1. Can you run down the residue pairs with Cβ atoms below 8 Å, 6 or more apart or on separate chains, where the first is in region 514-531 and assigned to a helix (DSSP H, G or I) and the partner is surrounded by fewer than 20 Cβ atoms within 10 Å (Cβ to Cβ)?
2. Among the numbered criteria (1) more than 24 Å from R497 (Cβ to Cβ); (2) modelled with pLDDT of 95 or more; (3) touching a Pro at 6+ places or on another chain (Cβ under 8 Å), which single criterion is violated by V467?
3. When you look at F156, is it assigned by TED's automatic domain parsing to the domain that holds I120, surrounded by fewer than 24 Cβ atoms within 10 Å (Cβ to Cβ) and modelled with pLDDT under 95, yes or no?
4. What's the number of the condition V384 fails, among (1) among the β-branched types (V, I, T); (2) within 21 Å of the chain's Cα centre (by Cα); (3) at pLDDT below 95; (4) under 20 Å from I361 (Cα atoms)?
5. For region 245-298, which residues satisfy the criterion of being hydroxyl-bearing (S, T, Y) and crowded, with 16+ Cβ neighbours inside 10 Å?
6. State the number of residues belonging to region 172-223 that are on the phi > 0 side of the Ramachandran plot and either modelled with pLDDT of 95 or more or assigned to a helix (DSSP H, G or I) (or both).
7. Pull out all pairs, ordered by first then second residue, where Cβ-Cβ is under 6 Å, the residues are six or more apart or on different chains, the first lies in region 154-174 and is over 17 Å from F224 (Cβ atoms), and the second is among the charged types (D, E, K, R).
8. Do we find that T217 is within 25 Å of the chain's Cα centre (by Cα) and surrounded by 15 or more Cβ atoms within 10 Å (Cβ to Cβ) in this structure?
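The values are calculated or read from the model by the stated rules, or taken from the named source; none is laboratory data. Please read all numbers here as calculations on a predicted model, not as lab measurements. Methodologically, a virtual Cβ is constructed for each residue, glycine included, from the backbone with ideal geometry; neighbour enumeration extends over all protein chains shown.
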Amino acid sequence: MRRSFTPARVVRSQLKFSPDKWTRLGLATVSGGALAAAFPKADLGLLAWIAFIPLFCAIRGGSLKAVFGYSWLQGFVCFVGSLYWVVIALHDFADVPTPLAVLPMLLLAAIMGIYTGVAIWSGELVGQRLGITRLLTIPIAWVALEWVRTYFPIGFPWNLLGYAAYRNIELVQFAEFSGVYGVSGLIMFFNIVAYAIIFRGFSRREQSIGLATLTATMALALLFGTWRTHQLSTVSSRGSLKVAMVQGDIPQSLKWDPNFLATSFEIYRSQSEMAAGRGADLIVWPEAAAAFFFQPDDRYPERFVEDASYRRRLLGLAARIHEPILFGAPALAVENHRLGFYNRAYLVSGQGQVVAWYDKIRLVPFGEYVPFRALLGGLVNRIVTGFGDMFAGHEQTLFTIHGAKLAVLICYESVFPNLTRMAVKRGADILVNITNDAWYGTSSAPYQLLAMAAMRSVETKVPMIRVANTGISAVIQADGTITARTALFKRGTETERVYWRSTRTLYTEIGDVFAESCFALTLVALALTAAYGQSTDRQGPELCTMVSVNGRQD
């Protein structure tokens, strides 16, 4: 039987905490700043588990419009704190004045904030109109919008919430079932349950069930993760490769200077010869380490005769040291009667022969190509001057070395879970991520990219070799542990033995079923809300304590 309420008591309970507009703006801002600090470079990962609590305080008692607005502000502030390196890249390497360089960063942060706003708004709307607890609707909607952000409109899954937990090795192992999206959902669930308990939001029954569910989920995740990491450390490997990671540390300002090409090549030559002397099975250079056009054969247009000579020198180096070299280089191409180039990874054998190559599939928007060029080309062409416009590759390549199959991820391809998963499903034993993070200086971007790459190994239980021009180079073990890590802007070669196993995960087999299910549930719930949902007298999230006549919570 439904209890009756005394209006005055209800009003008093709602006024226990009734912040004004400026306080709400401050809470949303603090929430966004705390979440930004949860990611590298600050790397205060524990903040992610409580960062949304101020936001929930800010949206309490507000209209749905206010819910979206404050949530958008939280996302905007978070991404300004996470993406400030865009200004560095545009100013230092595309000659864009700082005031103008700030604008694209703010625009990108504003767009990313929309995903945050829509996620929280959707969870609140469904909860309000269909009477489903927000303890469920908000985490599910959050995962749904993270999955959408991975693909639409241009695909930019930067700093998904789950990445903040990349150092909690035991806790994140269940990502082998759900992908990083499951970790994101757990963190959001923790936030809203913590809010419910601390601020007595929701009914006592919801609080009890939410706390019990959260406790059980965290315990199961930790128990599984502890068992899984131990199991991975004891299971026999199928084989190993001794890999030399050459960190050339070539300044971006000099990298494409023709007058510096000889010096650049000499750095990689000398480092590779030293690596061969240490008995490496494979020598890996970073993305575009060969700063000249390298073609599969020796046919070059006359104007690129110098590039052809460096091609011969590189093949000669591999033959002389009798070691295979995997490296990045641009390659000339023609598509649709238009001349352009690929961002390519090549494998050259110890006999100096081109074995295979891979063309980068996921290009960097506004860095390697202009999305929606017909609409945005005139607006942003000046911004991407100096970055170039590339052709995207069409299929993944598996390179075979000493019995191991290697899949290459170029640059920020490592932030796309499904791209990595497909390579492993096709048989990759080891992942190789070659990148050039010199664009970002000493900002947070290289650290964030490393954290995101680590989750790919957790999801697939396949080790990764990450080689960066200026750092951070590292080996990521199958459980996500980062080893053999180099410093930023330090030249040298790190040699490490990498083991691969037969382990394959559910995520590798079924992909983003968890995230897709959250997306489908959110869509269905929104459709039901539009068709049958009834508006209530309550405004905003039911994040206040309702008190009955006898003083008990409902």
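1. Listed by first residue and then by second, the contacts come to F514/F177; F519/V148; A525/L130; A525/I132; L528/L130; T529/R129; T529/L130.
2. Evaluating V467 over (1) more than 24 Å from R497 (Cβ to Cβ); (2) modelled with pLDDT of 95 or more; (3) touching a Pro at 6+ places or on another chain (Cβ under 8 Å) leaves (1) as the failure.
3. Working: assigned by TED's automatic domain parsing to the domain that holds I120: yes; surrounded by fewer than 24 Cβ atoms within 10 Å (Cβ to Cβ): yes; modelled with pLDDT under 95: yes.
For F156, the condition - assigned by TED's automatic domain parsing to the domain that holds I120, surrounded by fewer than 24 Cβ atoms within 10 Å (Cβ to Cβ) and modelled with pLDDT under 95 - is met.
4. (2)
5. To start, the set of residues in region 245-298 that are hydroxyl-bearing (S, T, Y) comprises 253, 263-264, 268, 270, 272.
Of everything in region 245-298, those that are hydroxyl-bearing (S, T, Y) and crowded, with 16+ Cβ neighbours inside 10 Å turn out to be S264, Y268, S272.
6. So the count comes out to 1.
7. Going by the 6 Å Cβ cut-off, the qualifying pairs are P157/R149; L160/E146.
8. When the stated conditions are applied, T217 passes them.
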